[in-house]
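Peer 1: Dropping a structure here in structure tokens format, bear with me for questions.
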Amino acid sequence: MHRGPPAPLTTFLINTPEIELWPGGLLRARSNHDARILARASRVLRRKRDGAYLAVDLPEGLQPLVPHLRREPGLDAALDALEATPSHARNGLEHVRDLPLHQLHERLELLGLDEAGYAERTGLAADPEPDWLAFAGVDRYRRPLWLRFDAARAWLHLRDAALRDDVVLEAISGYRSHAYQLGIFERKLARGLDIDQVLAVNAAPGYSEHHSGLALDIGAPGEPPAEESFENSHAFAWLQANAGGYGFHLSYPRDNPHGIVYEPWHWRFSNA
Ligand SMILES: [Zn+2]
């Protein structure tokens, strides 16, 4: 049976320090066995660092998908969150909390980065992850787009307003975790890049605005993703004129003080 994506803002990603709790219907199966199990799961426990599926929550109970599930780092926190989560939507921003930043130091050390030095050099602040995120539709690649509830709602309004002016906006990337960001670094370093080459295009794990669930990269059909040429598009002109009214602002304009390249595609929501 084919299930389409759920209606935006009705489905949630529950977030814990090491493990994400995904709604069952949104993850791609990697085998026939996976497909049968994922179709019946109310939640899937997914390791953040590499995306591995660890266990599924089935009507008859939790079923491990890896050997030694009990030894999995962060499992207790994930099981507590699973227990505390109602099966339906958790509405209301009053329930959004930040996850602790206690692993930040360790992750930077793994990369040989000095926390104070990095923060000072870039002027970037660490961005904690929220403990739950709302489904905001799918991105250009048909992947689920996760954002904090307020940012998700604002993005849907922004996209609809653009459409009324015949401008099609596409999300390219929304929320991503600290652990996922570390994985990006590890993969690039393993390919032979040095740390400064990676830092020129990726914020250090913990310092990307994408961690907050408030930032997203926006594109338009026919435009290459995350390229400076986006500034010449009709979509960008529309965003410049209208995005502020929906709470979205460009984080990295030309000559920004963080030494980050000009990113006309990267917008952050703020309700202040
Ligand atoms: Zn971005």
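The values are calculated or read from the model by the stated rules, or taken from the named source; none is laboratory data. Keep in mind that what you see is a predicted model, and the values were worked out from it rather than measured. Neighbour counts are summed over all protein chains in view; Cβ atoms, including those assigned to glycine, are modelled from backbone coordinates with ideal geometry. Heavy atoms of the whole protein, side chains included, go into the accessibility calculation; ligands, DNA and RNA do not. Shrake-Rupley method; radii C 1.70, N 1.55, O 1.52, S 1.80 Å.
Peer 1: Cα extents of segment 51-173 along the three principal axes, largest first, in whole Å?
Peer 2: On the principal axes, segment 51-173 reaches 53, 50, 31 Å in Cα extent.
Peer 1: Right, next: Taking 1 over the mean of 1/r across every pair of different Cα atoms in segment 215-272, what Kirkwood radius in Å do you get?
Peer 2: Hydrodynamic radius (Kirkwood, Cα pairs) of segment 215-272 is 11.7 Å.
Peer 1: Rg and Dmax of segment 120-272 over Cα atoms: what are they, in angstrom?
Peer 2: Cα radius of gyration and Dmax of segment 120-272 are 15.2, 46 Å respectively.
Peer 1: Moving to a separate point now. Let me have the relative contact order for the chain, percent, based on Cα pairs under 8 Å that are six or more residues apart.
Peer 2: Values: 459 pairs, mean separation 44.7, N = 272.
Computed value for the chain: 16 percent relative contact order.
Peer 1: Let me ask something additional. Suppose only helical runs count, i.e. DSSP H with n ≥ 4. What mean residue ellipticity at 222 nm does that imply for the chain under -39500 (n - 2.57) per run, divided by all residues and rounded to the nearest 500 deg cm²/dmol?
Peer 2: -8000 deg cm²/dmol
Peer 1: How much accessible area per residue does the chain have, counting only protein heavy atoms and a probe of 1.4 Å, in square angstrom?
Peer 2: Heavy-atom SASA per residue in the chain reads 50 Å².
Peer 1: Over the chain, with every protein chain in place, what whole percent of the accessible area is carbon and sulfur at 1.4 Å, could you tell me? Mind showing how you got there, number by number?
Peer 2: Details: 6780 of 13580 Å².
C and S atoms contribute 50 percent here.
Peer 1: Quick check: convex hull over the Cα atoms of the chain, volume per residue in Å³, rounded to an integer?
Peer 2: Dividing the Cα hull volume of the chain by its residues yields 153 Å³.
Peer 1: Using a 7 Å offset from the Cα along the Cα-to-Cβ direction at both residue 141 and residue 190, what is the distance between the two label points in nm, to one decimal?
Peer 2: In this crude label model, residue 141 to residue 190 measures out at 1.6 nm.
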